[in-house]
Amino acid sequence: MFLSKTIFFDYDGTIHDSFVIYAPALRKAVAWLVDGGHISPMEIDDDLIRSFLGKNPMAMWQEFLPDVEEDVRQKASAIVSVHMRQLIEDGHAIWYPNAKDTLLYLKDKGYRLIFISNCKTYYKEAHDKVFNLSSLFDQLLASEDFNYIAKEAIIDEVMGSFELPAIVIGDRLVDITAGRAHGFKTIGCLYGYGSKDELKDADVWIDELAQLKDLL
């Protein structure tokens, strides 16, 4: 059992199954890029889309289309945002099984829960409106609010607002790196979008969020 007072939770791939809304939104943006002559016709498979999840939007577009002009990438990113916002507001966003129950369990046990996501501010706010994140988390940290700096740097920025020891929970290398950079324990979520090899440096792995009840 881990001893902790604060838990940093990644969101997409850890609590929220973001592929459900991200895939159609990204494909819509790619269609716009093709129609506008910015890229050649292309199909993007599910595995490629999953590889982008968990990365901040600026890094994702730079990796995906490095030869496309920045202003065009920003317009494509805005298309993704508009479509995802609509899907969220229309009730298509889905949490993993037992996610809310697990968060409530941890909150009731007295843990300070912090949402930390490589997402845009609108995304955080839209999910807050639908899922009432503010009632579950003590802080909501979106990457855009910090000019898309790395998660370990975001933790540095808020270090004085939470109690130690702390744990970082997530499904991608950026989450494990953020925790290890501060000497925090880390938990890798194997049901998300990162492989076990990517999460190999985590202190422990879980196959579903409810397993946290046995660890914390």
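The values are calculated or read from the model by the stated rules, or taken from the named source; none is laboratory data. All values derive from a computational prediction rather than experimental measurement. Cβ sites come from the backbone with ideal geometry, for glycine too, and all protein chains shown count toward neighbours.
Looking at segment 160-216, which of the residues that are basic (K, R) and surrounded by 14 or more Cβ atoms within 10 Å (Cβ to Cβ) is farthest from A99 (Cα to Cα)?
The extreme case among them is R180.
I need the full set of residues from segment 24-54 which are in a helix (DSSP H, G or I) and either in contact (Cβ under 8 Å) with a residue 40 or more places away in the chain or surrounded by 16 or more Cβ atoms within 10 Å (Cβ to Cβ) (or both), in order please.
P24, A25, L26, K28, A29, V30, W32, L33, I49, R50, S51, F52
Table: residues versus (1) farther than 21 Å from G91 by Cα; (2) buried (at least 22 other Cβ atoms within 10 Å of the Cβ).
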site	(1), (2)
C119	no, yes
E125	no, no
F131	no, no
Q139	yes, no
S143	yes, yes
Y148	yes, no
K151	yes, yes
E157	yes, no
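Among (1) buried (at least 17 other Cβ atoms within 10 Å of the Cβ); (2) under 15 Å from the mean Cα position of the chain (by Cα); (3) in the same structural domain as I206 (by TED's automatic domain parsing); (4) not aromatic (F, W, Y), which single condition is P57 missing?
P57 satisfies all of (1) buried (at least 17 other Cβ atoms within 10 Å of the Cβ); (2) under 15 Å from the mean Cα position of the chain (by Cα); (3) in the same structural domain as I206 (by TED's automatic domain parsing); (4) not aromatic (F, W, Y) except (3).
Kindly evaluate K200 against the criterion of being of a type in the set (K, R) and within 28 Å of H83 (Cβ to Cβ).
no
Let me confirm something: among T6, T14, which residue is within 24 Å of K196 (Cα to Cα), of a type in the set (S, T, N, Q) and either in contact with a Ser or Thr (Cβ under 7 Å, 6 or more places away or on another chain) or surrounded by 15 or more Cβ atoms within 10 Å (Cβ to Cβ) (or both)?
T14
When you look at E157, is it without any contact (Cβ under 8 Å) to a residue 12 or more places away in the chain and either hydroxyl-bearing (S, T, Y) or in contact with a Phe, Trp or Tyr (Cβ under 9 Å, 6 or more places away or on another chain) (or both), yes or no?
So E157 fits the description; yes.
Based on this model, can you work out whether H83 counts as modelled with pLDDT of 95 or more and in contact with a Phe, Trp or Tyr (Cβ under 9 Å, 6 or more places away or on another chain)?
Here the answer is no, as H83 does not meet what is asked.
Of all residues in segment 96-123, which are within 15 Å of the chain's Cα centre (by Cα), touching a residue at least 60 places away in the same chain (Cβ under 8 Å) and more than 21 Å from I167 (Cα to Cα)?
K120
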